[in-house]
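**Q** Take this structure first; my questions come after.
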């Protein structure tokens with residue numbers, strides 16, 4: 001026999017749309033079976049009625065045959081032979097009447113009665129359990145709606161306890177009713193086969209017994225067939241009994257679970273949270289606006305599929321797209337005095353959807369899963385391992401560890417780019433013959449003997465890095481400072497140097513804002529119009545922190561690690577997009593909506609800058625500022641760029657180079673001749689886009705990179 005489809009009892013508690021969809025298939029099958037059973041019963045009752053009519057007809061025929069003798073025929077002579085013959089026929093008919101009566105009784109017991117019992121017992125039971133399951137499901141939905149409306153503050157503990165008990169009771173009731181309903185539907189798949197074949201076995205046996213005296217030929221052929229059918233029915237019966245026993249044991253195990261399964265938010269103090277999820281599914285409350293100030297909350301089933309957040313209402317065959325999660329941000333929010341709410345924000349900064357989880361554990365796991373998906377971890381070969389690695393790095397942030405450089409093999413080559421302003425200064429490392437890039441950004445290395453040629457052809461070499469492989473030399477392994485030598489343990493991290501434009505306008509509406517970060521309007525920087533270099537980059541501020549040294553780029557890598565780890569640990573995923581303008585004098589952080597300068601850094605105060613060695617979009621720099629006490633302070637700022645961080649490093653280095661060569665008019669003229677300029681005399685930064693076939697690469701580059 002082919003395998004029988006079954007509803008999984010383990011999925012009864014979750015009550016997901018997939019399970020409901022499969023349940024609807026079983027319910028449709030049960031409804032079709034009910035209609036067919038009624039039609040089959042009518043046909044069998046008609047056969048039984050015809051057999052009863054045959055009994056009455058043969059009985060009436062026997063009486064009529066005997067009544068021939070009692071007829072007073074006017075011409076009745078010679079009828080004795082006819083009368084005796086009719087008597088014989090009457091006896092035969094009486095014997096046939098006995099057989100027809102036995103057949104009618106057998107059809108009633110073996111054909112009609114089983115199908116009636118199947119309809120009245122099994123099908124009626126399924127219908128009753130369906131109604132009970134529907135009532136229990138509705139009660140659970142009402143109790144969950146009441147639980148979701150519990151206020152976050154000033155909540156009545158007695159009311160909360162009563163609502164939680166009500167949710168647990170209705171959930172348990174729904175679980176029990178669903179288990180019984182699923183078991184009945186599973187058993188129905190076996191019983192319907194028995195119910196269809198068992199009456200026909202009785203019908204066939206009755207017919208064989210009826211014709212056996214006069215048709216032995218049929219009995220020989222039918223007995224073997226009926227024997228095989230009987231064996232098949234017996235095997236199905238045995239399988240049904242075994243499956244029924246197995247389902248009973250499974251049902252007892254599922255019912256005997258801990259009460260915390262039915263109680264939402266059972267472990268509020270210290271829930272076991274899995275932060276390595278790359279996919280998540282479950283019920284959430286979706287906030288929808290119904291008017292200018294009115295909103296509604298709808299409990300729906302959500303799940304992630306690749307980089308998308310999907311929603312599937314009950315009864316739907318498939319889910320629909322709700323939000324694209326790639327490069328989005330997610331954070332916990334306070335919404336309408338509800339608990340466990342979080343908001344998904346699109347990459348362009350627009351507010352997305354607001355969802356509510358039923359527990360703290362679900363809330364934080366959803367936030368972690370969406371954050372992992374927004375990083376596009378699911379596109380890697382082993383997304384689970386990548387998620388675990390990232391979260392392990394986040395957990396290590398609470399205790400300083402060695403910086404990124406220590407995690408690499410000491411034999412791996414590291415390269416540095418020579419800049420003209422330091423072409424005659426040896427690197428601060430112990431490696432002879434290697435010169436450092438201005439600011440320490442890792443790029444390309446040269447032999448000491450080729451320094452003068454590199455200085456003369458500095459801009460041209462930058463555009464032909466791929467042709468300079470013969471001048472690449474690996475830097476020997478050097479001791480990487482410990483994390484404590486770079487950043488003091490427990491150093492606070494600042495995440496809010498950039499406020500959203502809407503918050504800025506709200507704070508300044510009606511009065512002039514006192515700016516704690518020195519933000520000013522753009523007209524206070526007239527040098528921007530006269531600057532030889534203007535390059536705009538789209539960035540997002542991740543964090544800043546005080547550091548102890550600026551002698552090595554390792555301090556930037558360590559700051560990146562601690563900032564990203566702190567954001568992951570505290571679920572701080574919201575970032576604000578800004579424009580980073582690099583000129584030949586300053587770095588300016590500009591709000592793209594209000595064009596307000598949020599922060600301004602002199603290029604001369606930037607002592608180190610570097611892009612991350614693995615995540616090319618991470619970039620950071622160290623700023624040296626003077627304190628009121630007369631000393632100097634060092635701070636590292638970390639950003640995420642839409643483009644490669646090396647391009648920002650190159651722009652900063654070029655700006656510092658311009659500052660140096662401006663002191664020497666001949667060197668400035670040589671630099672301007674070596675680097676393509678725009679029509680207004682600004683530098684065109686290099687890009688990795690291929691030139692067009694029209695033979696005007698300089699024009700194309702200027703259109704792509706000019707700020």
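Since every read-out is calculated from the coordinates, none of them should be taken as a lab result. Everything numeric in this text was worked out from a predicted model, so none of it was measured. Cβ atoms come from the backbone with ideal geometry, glycine included; neighbour counts cover every protein chain shown.
**Q** How long is the gain from residue 617 to residue 326 if the chain were fully straight, where each residue apart is worth 0.36 nm and the alpha carbon distance is subtracted? Don't skip to the answer; put the middle values down first.
**A** Details: separation 291, 0.36 × 291 = 104.76 nm, distance 1.55 nm.
That pair, residue 617 and residue 326, stretches by 103.2 nm at full extension.
**Q** Using 7 Å Cα-to-Cβ label points, what is the residue 253/residue 95 separation (nm, one decimal)?
**A** Rounded to a tenth, the inter-label distance reads 6.3 nm.
**Q** At a 10 angstrom cut-off on C-beta neighbours, averaged per residue, how do the peptides 251-261, 158-168, 352-362 rank from highest to lowest? Walk me through the intermediate numbers first.
**A** Values: 251-261: 11.4, 158-168: 14.8, 352-362: 20.2.
The peptides rank, most packed first, as 352-362, 158-168, 251-261.
**Q** A further question follows. State the extension gain, in nm to one decimal, for the chain segment bounded by residue 160 and residue 536, taking 0.36 nm per residue of separation less the distance between their alpha-carbons. Could you put the intermediate results ahead of the total?
**A** Working: separation 376, 0.36 × 376 = 135.36 nm, distance 5.40 nm.
My answer for the length gained is 130.0 nm.
**Q** Remind me, relative contact order of the stretch 281-398 in percent, using alpha carbon pairs under 8 angstrom and six or more residues apart?
**A** On the way: 185 pairs, mean separation 22.6, N = 118.
Taking the mean separation of contacting Cα pairs over the length of the stretch 281-398, I get 19 percent.
**Q** Taking R0 as 60 Å, what's the FRET efficiency between residue 299 and residue 105 from their Cβ-Cβ distance, rounded to 0.05?
**A** On the way: r = 58 Å, r/R0 = 0.96.
For residue 299 and residue 105, the calculated efficiency is 0.55.
**Q** Between residue 235 and residue 67, what is the FRET efficiency for a Förster distance of 60 Å, r being their Cβ-Cβ separation, to the nearest 0.05? Intermediate values should be presented prior to the final figure.
**A** On the way: r = 54 Å, r/R0 = 0.90.
The formula returns an efficiency of 0.65 here.
**Q** Same structure again: Quickly rank 98-111, 36-49, 533-546, 550-563 as a protection proxy: mean count of other C-beta atoms within 10 Å, highest first.
**A** Working: 98-111: 18.6, 36-49: 14.2, 533-546: 20.5, 550-563: 24.8.
The most tightly packed comes first, giving 550-563, 533-546, 98-111, 36-49.
**Q** Find the relative contact order for the stretch 1-123 and round it to a whole percent, using C-alpha pairs within less than 8 Å whose residues are 6+ positions apart.
**A** On the way: 60 pairs, mean separation 42.7, N = 123.
The value is 35 percent.
**Q** Something else about it: In whole Å, what is the distance between the alpha-carbon centres of the stretch 279-313 and the stretch 547-581?
**A** Taking the Cα centre of the stretch 547-581 as reference, the centre of the stretch 279-313 is 33 Å away.
**Q** Please report, to one decimal in angstroms, the Kirkwood hydrodynamic radius of the stretch 281-398 built from all distinct Cα-Cα pairs. Each step should come with its number before you reach the end.
**A** Values: mean 1/r = 0.0656 Å⁻¹.
Its Kirkwood hydrodynamic radius stands at 15.2 Å.
**Q** Just to be sure I understand the model, the point goes 7 Å from the Cα along the line to the Cβ. What's the resulting residue 150 to residue 244 distance in nm?
**A** According to this spin-label approximation, the distance is 4.2 nm.
**Q** A further question on this structure: Mean separation of Cα pairs under 8 Å and 6+ residues apart, divided by the residue count of the stretch 535-678: what relative contact order is that in percent?
**A** On the way: 252 pairs, mean separation 39.1, N = 144.
After rounding, I find 27 percent.
**Q** Using R₀ = 45 Å, calculate the FRET efficiency as 1/(1 + (r/R₀)^6) where r is the Cβ-Cβ separation of residue 273 and residue 482; round to 0.05. Walk me through the numbers before you get to the answer.
**A** Details: r = 31 Å, r/R0 = 0.69.
Using R0 = 45 Å, I get an efficiency of 0.90.
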